[in-house]
Amino acid sequence: MSETLPPDHDADTDDESLGNAAFIEKYAGPGRIGLCGGRDFINKLIRKAQAPLTHDGHRSLWSHAFVFSERRVDGQWWVIESDLDLRYRQIRLGVQENRVERYYDAEAFPNIAILDFGLDETQIRQVQIAGLDLLSGLSSYSISELVGTLMAMHSRRLRRRSNLLAKEGALYCSALVQHCYAAAGIEFLPGVPGKNIAPHDIDESPLPHRTHRILRDLGVSTVRELGHEALSRFS
């Protein structure tokens, strides 16, 4: 599937045999942005909900966004993200810091990307500090804000208004990334409030940036694939 890239957007698609771990090790950097598209029910639902933002009406490639913080003394890359972490007995909701190794599983996360907006050292520091401030403030994950963003995707007017379901001290994943980048003076979609920014918006930002990615699930439904195949046979 071909994609129309926004202005000043350079995208490199790596060989999927590279593996998520090697890919992340190759392109990770402080202040860079990570995107992933998952295969579980919730991730597929978020991807499908962003269909109004895509060029072809298929579900988005992306369901989650996070910011690379730094490589720590343990030799691992750590990321700051707002997430619903339901994998363990202790459920974590909201802004958290994790090792990026949670995204090494290519079966769970077939699509993965790292975006480089060319931040200078000052901007990188501003992004990192903004993320740590959110972390220390224990900002929560906002499902209501996510719903508000999904509602706004269907209306240009709502997209440019404040999130109708915004909550103080709460952020979902891509809103967190926009919050951190706003500290460095960067708005992914000028005129669209940060709490209306979806993971797909970050990838499609008209601002100059380079994207490195591996795509294993293009988001075309099985029904649609069969329909295209049937049409091609009779054309």
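Observations
- Label point distance in nm, Arg99-Arg160, each placed 7 Å from Cα along Cα→Cβ: 4.7
- Footprinting exposure proxy ranking of Ile129, Ile214, fewest other C-beta atoms within 10 angstrom first, gives Ile129, Ile214.
- Residues His209, His55, His64, arranged from fewest to most other Cβ atoms within 10 angstrom of their Cβ, appear as His55, His209, His64.
- FRET efficiency, 1/(1 + (r/R0)^6) with R0 25 Å, evaluated for Glu121 and Ala21 via beta carbons: 0.40
- Cβ-to-Cβ counts within 10 Å put Tyr104, Tyr172 in ascending order as Tyr104, Tyr172, the fewest first.
- Segments 200-207, 75-82 sorted - mean Cβ within 10 Å per residue, highest first: 200-207, 75-82
- Placing R0 at 35 angstrom, the Cβ-Cβ distance between Lys44 and Ile129 gives a FRET efficiency of 0.55 after rounding to 0.05.
Where a number appears in this text, it was derived from the coordinates with a stated rule and is not lab data. This is a predicted model, so every value here is computed, not measured. As a convention, Cβ positions derive from the backbone with ideal geometry for all residues, glycine included, and neighbour counts pool all protein chains shown.
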